[in-house]
Amino acid sequence: MPQAPLKILLASPRGFCAGVERAILVVERALEKYGAPVYVRHEIVHNTYVVETLSQMGAVFVEELDEVPAGRPVVFSAHGVPKSVPAAAEARELLYVDATCPLVSKVHVEAERHYKMGRKIILIGHANHPEVIGTMGQLPPGAMVLVQSVSDVESLAVEDADNLAYVTQTTLSVDDTIEIVNALRRKFPNLAIPRKEDICYATTNRQAAVKAIAARCDTIIVVGSPSSSNSNRLVEVAQKCGCPTAVLVEDGSKIDWSKISPGSTVGVTAGASAPEVLVAGVIAAARARFDVTLEEVPVTTETVKFSLPRLLND
């Protein structure tokens, strides 16, 4: 019996960004250099498949440094950490390798620059996200205030409205962030702005790729873990840009195929921490059920590469 047709539009770019590739390579190189186990504070990136793969190689994921035995190296995740974390590692004489994404580190440096100039800093981001915790932890308590929405801006009260700056989490919705920034600039006309956009190139590009296919799709499947901020933002972007249904799945086995209509068009993308092997799994699962026509829809080509920490380049 012939299979029913299904059109898949494959968003490009999708999946791993340079910061995620670097962070994973940091753990792999640390395992090569120091042997197993290498400890990792928090998930190196927000993807279950990646964490499980590295665990099988000998990485041990922990929540806090007190779980790391003396004499073993520890890696800090791509999301960045408060300054108190490397300080605690040094106090225990632990060897640590910082896998913080360089684009997150750029935000840290920017926040410190504003602080040294005497400005109070407004951070646009999501409460309790590791990147936000890490960024706020670069400065003393009270030096930075978090806003998550336009309504937060409207209710924000500060002592010196002429001495403010803002920075953002790197994995936010571009469109939502513009609305928050515009609200801030209306309320605080002398607000100091970043020298360069804080939302990272990969987040921007993946959202643009979803926008390019959303209106053509009946469903968009975003491959990524529920804890991944940039993956969740891709779902929101798809919904706002004309796609009737957008779902976040960890892999092809998690898709409810009964809700995919024969003859429909399905968009597929992946968050910046999701490996291409999981996208391939989604396409294979679709081909097991439908006669799939595949079309890749590129919006840009990415060439960004980040070097490893010097400690691992010996």
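Can you say whether Glu28 is over 18 Å from the mean Cα position of the chain (by Cα) and more than 30 Å from Glu296 (Cβ to Cβ), as far as the supplied structure shows? So that I can check it myself, show each step before the final result.
Numbers: over 18 Å from the mean Cα position of the chain (by Cα): yes; more than 30 Å from Glu296 (Cβ to Cβ): no.
No; evaluated as a whole, the condition is false for this residue.
If only one of His108, His79 is within 16 Å of Leu146 (Cβ to Cβ) and not assigned by TED's automatic domain parsing to the domain that holds Asp176, which one is it? Step through it out loud before you land on a result.
On the way: His108 fails: not assigned by TED's automatic domain parsing to the domain that holds Asp176.
When all the criteria are applied, what remains is His79.
Across segment 99-139, what is the total count of residues that are within 21 Å of Val62 (Cβ to Cβ) and within 17 Å of the chain's Cα centre (by Cα)?
11
When Ala208 is tested against (1) surrounded by fewer than 18 Cβ atoms within 10 Å (Cβ to Cβ); (2) more than 15 Å from Lys240 (Cα to Cα); (3) small (Gly, Ala, Ser), only condition (2) is not met. Note down all Cβ pairs under 6 Å where the first residue falls in segment 243-254 and is assigned by TED's automatic domain parsing to the domain that holds Cys217 and among the hydroxyl-bearing types (Ser, Thr, Tyr), the second is assigned to a strand (DSSP E or B) and at pLDDT 95 or above, and they're at least six residues apart or on different chains. Within 6 Å, the pairs are Thr245/Thr219.
When segment 272-306 is filtered for residues that are of a type outside the set (A, V, I, L, M, F, W, C), free of Cβ contacts under 8 Å to residues at least 12 places away in the same chain and either exposed (fewer than 12 other Cβ atoms within 10 Å of the Cβ) or not in a helix (DSSP H, G or I) (or both), only Thr303 remains. Can Val158 be described as of a type in the set (Val, Ile, Thr), within 22 Å of Val26 (Cα to Cα) and either surrounded by fewer than 17 Cβ atoms within 10 Å (Cβ to Cβ) or in the same structural domain as Glu63 (by TED's automatic domain parsing) (or both)? No, not satisfied. A search for C-beta distances below 8 Å between a residue of segment 187-214 that is over 11 Å from Ala238 (Cβ atoms) and any residue that is among the hydroxyl-bearing types (Ser, Thr, Tyr) and part of a helix (DSSP H, G or I), counting only pairs 6+ apart in sequence or on different chains, returns Glu197/Thr204; Ile199/Thr177. Taken together, the residues in segment 112-171 that are within 24 Å of Phe76 (Cα to Cα), of a type outside the set (S, T, N, Q) and touching a helix residue (DSSP H, G or I) at 6+ places or on another chain (Cβ under 8 Å) amount to 13. Please verify whether Ile213 is under 23 Å from the mean Cα position of the chain (by Cα) and in a strand (DSSP E or B), treating the condition exactly as stated. For Ile213, the condition - under 23 Å from the mean Cα position of the chain (by Cα) and in a strand (DSSP E or B) - is not met. Counting just the residues of segment 217-256 that are surrounded by fewer than 18 Cβ atoms within 10 Å (Cβ to Cβ) and of a type in the set (Ser, Thr, Tyr), which one comes out nearest to Ala270 (Cα to Cα)? Selected residue: Ser227.
Each residue in segment 126-160 was checked for being in a loop (DSSP other than H, G, I, E, B) and either in contact with a Leu (Cβ under 6 Å, 6 or more places away or on another chain) or of a type in the set (A, V, I, L, M, F, W, C) (or both), and 6 pass. Residue pairs whose Cβ atoms lie under 6 Å apart, separated by 6 or more positions or on different chains, with the first residue in segment 154-168 and within 11 Å of Ala111 (Cα to Cα) and the second surrounded by 11 or more Cβ atoms within 10 Å (Cβ to Cβ) and of a type in the set (Gly, Ala, Ser), are Ala165/Ala192; Val167/Ala111. Within segment 230-241, is even one residue over 24 Å from Glu43 (Cα atoms) and touching a residue at least 60 places away in the same chain (Cβ under 8 Å)? Within segment 230-241, one or more residues are over 24 Å from Glu43 (Cα atoms) and touching a residue at least 60 places away in the same chain (Cβ under 8 Å). Against the definition (of a type in the set (A, V, I, L, M, F, W, C), assigned to a helix (DSSP H, G or I) and within 17 Å of Glu276 (Cβ to Cβ)), how does Val20 come out, yes or no? Answer is yes for this residue.
Going residue by residue through segment 232-248, is there one that turns out to be under 30 Å from Thr177 (Cα atoms), polar (S, T, N, Q), within 18 Å of the chain's Cα centre (by Cα) and assigned to a helix (DSSP H, G or I)? Lay out the reasoning, then the answer.
At the first step, the residues of segment 232-248 found to be under 30 Å from Thr177 (Cα atoms) are 232-248.
Subset that is polar (S, T, N, Q): 232, 239, 245.
If we keep only those that are within 18 Å of the chain's Cα centre (by Cα) as well, we get 232.
Of the ones still in play, those that are also assigned to a helix (DSSP H, G or I) are 232.
So far as segment 232-248 goes, yes, one or more of its residues are under 30 Å from Thr177 (Cα atoms), polar (S, T, N, Q), within 18 Å of the chain's Cα centre (by Cα) and assigned to a helix (DSSP H, G or I).
The values are calculated or read from the model by the stated rules, or taken from the named source; none is laboratory data. Since this is a predicted model, take the numbers as computed values, not measurements. Neighbour counts are summed over all protein chains in view; Cβ atoms, including those assigned to glycine, are modelled from backbone coordinates with ideal geometry.
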